[in-house]
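The block underneath contains the structure these notes are about, expressed in structure tokens.
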Amino acid sequence: MYITSLDPDFTPLAYTVGTSSSQSVAITTGSGLVRIATKGCEAHIAFGSNPTATTSSVLMPPNTVEIFAFKSGDKIAFIRSSSSTGDISICAID
């Protein structure tokens, strides 16, 4: 069993995923991990100091949750390629 502890000092981020690349604010995480969840649509994601997601970027299927290794202070970019609308939620893990 895998248990995660969300960082109590980090306010979870929620964004609508659109057909052009958008990015989160810079995310600080002491553990080097982030939790990303999609709702209603797929999301292609990219990480970096100023990332741009494309439809060739890593794909997260609709309605899934993943945990990724992450460089604290970086941002997450996201884009969708289908006509489905949906959201992405990003949380830092303690």
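Where only protein heavy atoms count, and the probe is 1.4 Å, what is the accessible area per residue for the chain in Å²? Present the calculation step by step, with values, prior to reporting the outcome.
On the way: 5050 Å² over 94 residues.
That works out to 54 Å² for each residue.
For the chain, how big is the tail of P(r) above 21 Å, as a whole percent of Cα pairs? Show your work: numbers first, answer last.
Details: 1056 of 4371 pairs.
Beyond 21 Å sits 24 percent of the P(r) for the chain.
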In the chain, what percent of the accessible surface is made up of carbon and sulfur (1.4 Å probe, ligands and nucleic acids excluded)? 52
Tell me which residues come under 5 Å, amide H to amide H, from T52 once H is placed; ignore anything under 5 positions away on its chain. none
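The values are calculated or read from the model by the stated rules, or taken from the named source; none is laboratory data. This is a predicted model, so every value here is computed, not measured. The area values use the complete protein model at the heavy-atom level, side chains included, leaving out ligands, DNA and RNA. Shrake-Rupley method; radii C 1.70, N 1.55, O 1.52, S 1.80 Å.
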